[in-house]
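Worksheet: one structure, shown below.
The values are calculated or read from the model by the stated rules, or taken from the named source; none is laboratory data. Bear in mind the structure is a predicted one, so any value in this text is a computation, not a measurement. Here Cβ is always computed from backbone atoms with ideal geometry, including for glycine, and neighbour counts include all displayed protein chains. With ligands, DNA and RNA removed, areas are computed over all heavy atoms of the protein, side chains included. Shrake-Rupley method; radii C 1.70, N 1.55, O 1.52, S 1.80 Å.
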Amino acid sequence: METKQMIADGKTALGIEFGSTRIKVVLIDKDHHPIASGSHDWENRLENNIWTYTLEDIWSGLQDSYQNLVNDVKEKYDITLTKVGSIGFSAMMHGYMAFDKDGELLVPFRTWRNTMTEEASEKLTKEFNYHIPQRWSIAHLYQAMLNKEEHVKDVKFFTTLAGYIHWKLTGKKVLGVGEASGMFPIDSTTCTYDAKMVEQFDELVVGKGYDIKLLDIIPEVITAGDDAGVLTDEGAKLLDVSGKLSGGIPLCPPEGDAG
């Protein structure tokens, strides 16, 4: 099958990676060969001593890189990209994106680069008898509790960058197991969060005066091959501002950039 027809039939897969300095979008054919690509350079910014990217950075970067891919497809194959067979996201792991009941971001995205969670890292490592690095999402949440940050009482969901983008495009609050392992320790037998450590964390939270259960606010863990939802019509418009991309495309679980 010639490449142009393959694109027209949607027998392709779209991979999107949010690296620290570049957003890269690659379209592959049914034999896994790259056939088109697009990218967007970006840089994190230091605001109030926190390394962050704004929501505008995230969405404008994604939309620009996708449009560059569309232009590449048009130039190479003289066809407008309107559908793909599947989509997958990966992004820099760890960090902290916390949202309230209305889905509004409570504090600027705290990336993996931040080293402001030393106290939480040490206390959780001791509590769990398991090393919890400063960059892990759970260290960010617990440090915010230790600091008595005003926003914590309103947290109804927290996730990573890949998990955030996936949620907005599909409505699903899920993470691949590799990405989830950078949020909270994983039990390798159940392939989900370690139940004993979840219980220990909930006890710590009560001790700090918060009425929060971890499993109520953290993404569900799913593994490769699991149903991670489909691109909604609203999500399609977020990805392709021209409105030409169709919804209904299946997505794989969002993953991180490290094994």
Local charge sum around Gly182 (other residues, Cβ-Cβ under 12 Å, Lys/Arg +1, Asp/Glu -1)?
-2
Using a 1.4 angstrom probe on heavy atoms only, work out the carbon and sulfur share of the accessible area of the chain in %.
47
What is the extension gain from Ala224 to Asn129, computed as 0.36 nm multiplied by their sequence separation minus the C-alpha to C-alpha distance, in nm to one decimal?
31.3 nm
Zone of Asn147's modelled label, taken as backbone nitrogen in the range 77-106 under 16 Å from a point 7 Å along Cα→Cβ:
95-99, 106
Evaluate the Kirkwood expression for the hydrodynamic radius of the range 1-160, namely the inverse of the mean inverse distance over all pairs of different C-alpha atoms, and round to one decimal in Å.
17.8
Taking the Cα atoms only, what angle lies between the long axis of helix 195-207 and the longest principal axis of the chain, rounded to 10 degrees?
60
Cβ-defined net charge surrounding His166, 9 Å radius [Lys, Arg +1; Asp, Glu -1]
+3
I'd like the accessible area for His32: 1.4 Å probe, protein heavy atoms, all chains in place, Å² to the nearest 10.
140
Quick one: accessible area per residue over the chain, 1.4 Å probe, rounded to a whole number of Å²?
46
Students often get this wrong, so check it: of Lys101/Lys208; Lys168/Lys244; Lys172/Lys196; Lys74/Lys172; Lys30/Lys74; Lys24/Lys244, which have C-alpha atoms separated by over 29 Å?
Lys74/Lys172
Loop trypsin sites (Lys or Arg not before Pro), the range 1-110 (other Cβ atoms within 10 Å of the site Cβ: 13 or fewer; DSSP)
Lys30, Lys101
Set Lys and Arg Cβ to +1 and Asp and Glu Cβ to -1, take the dipole of the range 21-173 about its Cα centre, and tell me which of Gly85, Leu46, Ala139 lies farthest positive.
Gly85
Go ahead and estimate [θ] at 222 nm for the chain from helices alone: -39,500 (n - 2.57) per DSSP H run with n ≥ 4, summed, over the residue count, rounded to 500.
-10000 deg cm²/dmol
